[in-house]
Amino acid sequence: MQKKKKIIRATTVPTSLETFCEKVLSELNERYEVVALSSPLPELKVVEQREGVRTIAVKMERKISLWADLKALIKLCGVFRKERPWMVHSMTPKAGLLCMMAAWITRVPKRVHTFTGLVWPTSTGLSRVILKTTDRILCACATHVIPEGNGVKNDLINGKITRKPMGILANGNVRGIDLEHYARTPEVEIEAEKLRKKDVTTFIFIGRIVRDKGIHELIDAFVKLNEQRPDTRLILVGRSEPQLDPLSPRTQEIIDVHKSIEAVGSQKDVRPWLAASDVLVFPSYREGFPNVVIEAGAMDLPSIVSDINGCNEIIVDGENGIIVPSKNAEALYDAMVKMCDDEQIRTEMAGKARTMAAERFDCHIVRKALYDFYSSLEVK
């Protein structure tokens, strides 16, 4: 019996593995020997038990930390020398840089990195220079570079990050959408009914409650909207990260005291919250390919999104949502007014949202594209 090829899938923190690789690792493990590698956090055990794969813990810092990064690089080199994988496939910035360098040093045959988003396009000064340099090093060490979408691919080309051929898998997105899970089932509707408010237009944001997600603009737009239309509310689902990307004291105070803003923290199941809402608002500054916009569409919600990578590949303006300029509270306000005032347009967009998500981002389409890609590397 031929021995299975070993693949190490790596992310900086295990939450990314838990989110982006659900069911993928277990399915891959039927054909390959799959090992999941990430920082030593509780979610890594969740991945191990859910996916039925072996895990390896290597501490990696999300922020730049030369000493910690050097220690992690040395540890990764030791792991790869011991494991002797056929492929290392990384996602997320720090894991990508360190794992691709370590895999190159230890001569791993297939070194693959998926860019789920880029930080440097919205950075300035020295920070931008450093981030672009690290991405160039990452790409130089990788044998294959996969941008999550066309926007990310164009940024890599225009930013002169790499000259290597790059292919997008399927229609973009690394996870896809499980249409059986993201559906308005009777069970979801029962929970949604507890959260729903009648005769109120409910906007919902799902993601990290941080500056980079456009929360400042969202709060400014909603406060203005609510002053003119008291029959509106805003639900914020997600955790804050004050150490990494804090909100301004003014914005945080508004969130804390405003009667029509509900900050409910992270939720294990966002489906009832989506089902209890009318419109997803996602004014992020930068993304790779945001799953939440696809998930909202699968739950029959139109979206208001910023004109950035990923968002403008999921939303077709005027069809399943509205696209507004990034960092523009006034344009965001106008879009929210339109969603409030024109219920027919909102209903028409909602009617198309699930179909458009299914046609392009069904998880089975996304997984098949990944598996076909891995198969193609076996014959090269």
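Coordinate-derived values only; no laboratory data. Fair warning: this is a prediction, and the values are worked out from it, not measured in the lab. Note that we place each Cβ from the backbone using ideal geometry, even for glycine, and neighbour counts take in every protein chain shown.
In debye, nearest 20, what is the charge dipole magnitude of segment 216-280 about its Cα centre with +1 on Lys and Arg Cβ and -1 on Asp and Glu Cβ, if you could check?
160 debye
Under 5 Å between amide H atoms, partner at least 5 residues away or on a different chain: which partners does TYR285 have, H built in plane at 1.01 Å?
Residues meeting the amide H criterion: LYS213, GLY214.
Looking at this model, which pairs from LYS94/LYS213; LYS23/LYS164; LYS6/LYS132 are more than 25 angstrom apart at the alpha-carbon?
LYS23/LYS164; LYS6/LYS132
Between LYS338 and THR185, what is the spin-label point distance in nm, taking each point 7 Å from the Cα along the Cα→C-beta axis?
The modelled label-to-label distance comes out at 3.5 nm.
Please give the net charge around LEU97, taking every other residue with its beta carbon less than 13 angstrom from that of LEU97, where Lys and Arg add +1 and Asp and Glu add -1.
Here the charged neighbours net out to +3.
Under the √(5λ) rule applied to the eigenvalues of the Cα gyration tensor, what semi-axes describe the equivalent ellipsoid of segment 37-129? Give them in Å, descending.
Working through the eigenvalues yields semi-axes of 23, 16, 14 Å.
Quick one: net charge of GLY288's neighbours, Cβ under 12 Å, K/R +1, D/E -1?
It works out to a net charge of -1.
Antiparallel versus total DSSP beta bridges in the chain: what percent is that, nearest 5?
Looking only at bridges with both residues in the chain, the antiparallel portion is about 0 percent.
Would you mind calculating the gained length between LEU70 and LYS194 on full extension (0.36 nm times residue separation, minus the Cα-Cα distance), in nm to one decimal?
Residue separation times 0.36 nm, minus the Cα-Cα distance, leaves 39.6 nm.
Tally Lys and Arg at +1 and Asp and Glu at -1 over the other residues with C-beta under 11 Å from the C-beta of VAL210: what net charge comes out?
Neighbourhood net charge equals +1.
Starting from segment 223-268, pick out the trypsin sites (Lys or Arg not before Pro) whose DSSP state is loop and whose Cβ has at most 16 other Cβ atoms within 10 Å.
ARG239, LYS259, LYS268
Taking only the C-alpha atoms, wrap a convex hull around segment 75-129 and report its volume per residue in Å³ as a whole number.
Value for segment 75-129: 79 Å³ per residue.
Quote the charge dipole size of segment 233-380 about the Cα centre in Debye, to the nearest 20; the model charges only the Cβ of Lys and Arg (+1) and of Asp and Glu (-1).
Its charge dipole is roughly 380 debye.
Just from its helices, what would the mean residue ellipticity at 222 nm be for the chain, if runs of 4 or more DSSP H residues each count -39500 (n - 2.57) and the sum is divided by every residue, rounded to the nearest 500 deg cm²/dmol?
Result for the chain: -14000 deg cm²/dmol, rounded to the nearest 500.
Taking 0.36 nm per intervening residue step and subtracting the Cα-Cα distance, what contour gain separates SER376 from LYS160 on full extension?
Taking 0.36 nm per residue and subtracting the Cα distance, the gain is 75.1 nm.
Charges only on Cβ, +1 for Lys and Arg, -1 for Asp and Glu: so what's the dipole of the chain about the Cα centre, in debye to the nearest 20?
Computed about the Cα centre, the dipole is about 2520 debye.
Taking the highest mean first, how do the peptides 367-378, 307-318 order by number of other beta carbon atoms within 10 angstrom per residue?
Ranked from most to least packed, the peptides come out as 307-318, 367-378.
In whole angstrom, note down how far apart the Cα centers of segment 191-238 and segment 140-176 are.
33 Å
Positive end of the dipole of the chain, charges at C-beta (+1 Lys, Arg; -1 Asp, Glu), about the Cα centre: which of TYR182, PHE282, ILE308 has its Cα farthest in that direction?
It is ILE308.
Based on the inverse mean of 1/r over its pairs of different Cα atoms, what is the Kirkwood hydrodynamic radius of segment 186-361, in Å?
15.9 Å is the Kirkwood radius here.
Note the direction-averaged projected area, equal to a quarter of the hull surface, for the Cα convex hull of the chain, in nm².
19.1 nm²
Over segment 142-217, consider all pairs of different Cα atoms and compute the Kirkwood hydrodynamic radius from their mean reciprocal separation; express it in Å, one decimal.
Averaging 1/r across every pair of different Cα atoms and inverting gives 16.7 Å.
Using Cα centres only, tell me the gap between segment 260-314 and segment 1-22 in whole Å.
That distance is 26 Å.
Within a 10 angstrom radius of the beta carbon, how do MET356, MET87, MET349 rank from fewest other beta carbons to most?
Final ranking by Cβ density, sparse to dense: MET356, MET87, MET349.
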